Amino acid sequence: MRKYGLELLIGIVPVLLIFLIYAGVNIMPFLLIAILAGGVTFALMSRGKMTAMQGGKQRLEVSAASMSFEQIGGQERAKSELIEALDFLVRHEEIKKLGIRPMKGILLTGPPGTGKTLLARAAAQYTDSIYLAASGSEFVEMYVGVGAGRIRDLFKEARQKAKKAGKSSAVIFIDEIDVIGGKRDGGQHREYDQTLNQLLTEMDGIRSDEAPRILIIAATNRKEMLDSALLRPGRFDRHIGVELPDKKGRLHILNLHAANKPIDPSIDLERIASESFGFSGAQLESVMNEGAIYAMREGSELIQESHLAMAIDKVMMGEKTDREATKEERDRVALHELGHAIAAELVRPGSVSQVALSPRGQALGYVRHNPQQDKYLYTREFLDSQIIIALGGAAAEEIFYGGRSTGSRNDFEQAMGIVRTMVESGLTELGIIDANMMTPEVWAKVNRSILDDLMARTKGMLEERRQVFMDALDIVIREETISGDNFRELLGSLSKSA
Ligand code: ATP
């Protein structure tokens, strides 16, 4: 209705004026009032439009010296690939002479918190460019054309700011590019399509001889969602994977974030790096930060290893909660966790670091495992043992209660995930098979045959350790935790006495 308001007004007003003149009314006062009101409305509307175009947000602009590649931990391969690509921008005169087309877009892909934004900021510093950052979601509006307008403004702003700062280039960073760059479906989301089209148009408009030159760096963790027009040569044709850091990378990141903190010199950060397998850069930063908070809570001047260990638990499992479980629930949870722990020690001796009976995040208890070496290849035996550890909890409940509880839900999801990996890697009796072609019935069958067999093995192993369950249960209920060493002692004394 609002959309047609203006058209209706334009139609009605002249008719009304002609009628009034015809009726002999002096229309001058009306005209004056109308002109005044129109002027005020126009001024207000254009102000509103400007604000909408700017997205109502102050764009993040970082001065040149704010982030260097040295301040980014790990990611050596991503850094060197990025630097190599940026050299195209830095050595633009040579590039122009050779007739090489300018590089317009670099796509950084990888899981959240791995340092994609940091890399974009470092790229701006490396190329001595103005840096402008926006997120894909800033361009999303209900009204067709607003997102496209914002893209146009972003490029205009980048050129203006670079000129004003006397820079010869500008880096535009668009985070979550998948929000606007998703595959076009031909009509359903016209607004998204227009926004994406505008981005493509702006990219096509970038020339090697223009000043200031523009480089767009975009980030996503869903590259497969992107429209192929974005990825074709001449647009985002450099793709750099930014993966989770390996142990060396994790140590580097921990050291970077430890630099401004009072750390006890005896802390073995390498051990913390091992224990934080699978953590992203952002999670590692959080470990150091939470460690410092634990130190402050305890009134300690230095951050101790125990603070960092607690911080890892917190980042991995969430903050301790005040949920009060009943006595029966606590017993069941303790036996469940001991089931995991005993199974883990039997298939991978020395692997348990702690069994805890304290509510954290969604869990009521947990087993912490000792650091393992980063592993990238898994054998069938290893995956079997992984499933045995996951099933240990449910097996223990079956042994002591004759049935399971909802507490095993995540364990089963994990176990079924491992079965899927086995099937997809051709490690099952099905042989080499395309998992996408498998019917739900075949999936159910393969899951059942592998998991039933491993469940029977797990129960058999745990049945023989009933006494360890009982001894450890006492300690866990009383003290909330049992260390890996104490736990192994209980297990060891049983096997000696047996
Ligand atoms: P998202 O995809 O969620 O936007 P991202 O990959 O862009 O994440 P960043 O915003 O760059 O991640 O990282 C978030 C924070 O995590 C950084 O401010 C920094 O403190 C820390 N961090 C992440 N990766 C690294 C790294 N490689 N070295 C040092 N710190 C890192």
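What number of residues within region 247-268 satisfy the criterion of being more than 14 Å from the ligand (Cβ to nearest atom) and farther than 12 Å from Pro371 by Cβ? Break it down into steps so the answer makes sense when it comes.
Applying the first criterion (more than 14 Å from the ligand (Cβ to nearest atom)) to region 247-268 yields 262-268.
Adding the requirement that they be farther than 12 Å from Pro371 by Cβ leaves 262-267.
Here the count works out to 6.
Confirm whether Gly113 is surrounded by fewer than 20 Cβ atoms within 10 Å (Cβ to Cβ), outside the structural domain of His252 (by TED's automatic domain parsing), small (Gly, Ala, Ser) and within 14 Å of the ligand (Cβ to nearest atom).
yes
What residue, among those in region 69-110 that are within 10 Å of the ligand (Cβ to nearest atom) and small (Gly, Ala, Ser), is nearest to the chain's Cα centre (by Cα)?
Gly110
Out of all the residues in region 418-427, is one or more of a type outside the set (Ser, Thr, Tyr), in contact with a Lys or Arg (Cβ under 9 Å, 6 or more places away or on another chain) and under 19 Å from Tyr378 (Cα atoms)?
In the first step, residues of region 418-427 are kept if they are of a type outside the set (Ser, Thr, Tyr); the result is 418-420, 422-424, 426-427.
In the following step, the residues that additionally are in contact with a Lys or Arg (Cβ under 9 Å, 6 or more places away or on another chain) were identified as 422, 427.
Next cut, under 19 Å from Tyr378 (Cα atoms) only: 422, 427.
Scanning region 418-427 turns up at least one residue that is of a type outside the set (Ser, Thr, Tyr), in contact with a Lys or Arg (Cβ under 9 Å, 6 or more places away or on another chain) and under 19 Å from Tyr378 (Cα atoms).
From the residues in region 116-155 that are farther than 15 Å from Gly181 by Cβ and in a strand (DSSP E or B), which one is nearest to the ligand (Cβ to nearest atom)?
Among those residues, the one meeting the criterion is Ala133.
Go through region 418-447 residue by residue and tally those that are under 22 Å from Ala394 (Cα atoms) and surrounded by 12 or more Cβ atoms within 10 Å (Cβ to Cβ). Give the steps one after another, and end with the answer.
Going through region 418-447, the residues under 22 Å from Ala394 (Cα atoms) turn out to be 418-422, 443-447.
So of that shortlist, the ones also surrounded by 12 or more Cβ atoms within 10 Å (Cβ to Cβ) come out as 418-422, 443, 445-447.
Adding up the residues that qualify gives 9.
What single numbered condition from (1) part of a helix (DSSP H, G or I); (2) modelled with pLDDT under 95 fails to hold for Ile433?
(1)
Among the candidates Ser385, Ser353, single out the residue that is modelled with pLDDT of 85 or more, assigned to a helix (DSSP H, G or I) and surrounded by fewer than 24 Cβ atoms within 10 Å (Cβ to Cβ). Before you say what the answer is, go through the steps one by one.
On the way: Ser353 fails: assigned to a helix (DSSP H, G or I).
Criteria check complete, one pass: Ser385.
Quick one: in region 236-251, which of the residues that are outside any strand (DSSP E or B) and surrounded by fewer than 20 Cβ atoms within 10 Å (Cβ to Cβ) is farthest from the chain's Cα centre (by Cα)?
Residues of region 236-251 that are outside any strand (DSSP E or B), as a first pass: 242-251.
Next cut, surrounded by fewer than 20 Cβ atoms within 10 Å (Cβ to Cβ) only: 243-244, 246-248.
Working: Glu243: 11, Leu244: 10, Asp246: 17, Lys247: 19, Lys248: 21 Å.
Checking each candidate, the answer is Lys248.
Determine whether region 408-422 contains at least one residue that is among the small types (Gly, Ala, Ser) and touching a residue at least 60 places away in the same chain (Cβ under 8 Å). Talk me through it step by step, then tell me what you get.
The first filter runs over region 408-422 and keeps only residues among the small types (Gly, Ala, Ser), leaving 408, 415, 417.
Adding the requirement that they be touching a residue at least 60 places away in the same chain (Cβ under 8 Å) leaves 408.
Yes, region 408-422 has at least one match.
Restricting the search to region 252-277, which residues are touching an Asp or Glu at 6+ places or on another chain (Cβ under 9 Å) and outside any helix (DSSP H, G or I)?
Listed by number, the residues that qualify are Pro262, Asp264, Ser266, Ile267, Asp268, Phe277.
For region 283-307, what are the residues that are within 16 Å of the ligand (Cβ to nearest atom) and surrounded by 17 or more Cβ atoms within 10 Å (Cβ to Cβ)?
Of region 283-307, the ones within 16 Å of the ligand (Cβ to nearest atom) are 283-293.
Result: Gln283, Leu284, Glu285, Ser286, Val287, Met288, Glu290, Gly291, Ala292.
The values are calculated or read from the model by the stated rules, or taken from the named source; none is laboratory data. Here the structure is a predicted model, which is why all the values come from computation and not from measurement. Heads up, the Cβs are rebuilt from the backbone with ideal geometry, glycines too, and the neighbour counts pull from every protein chain shown.
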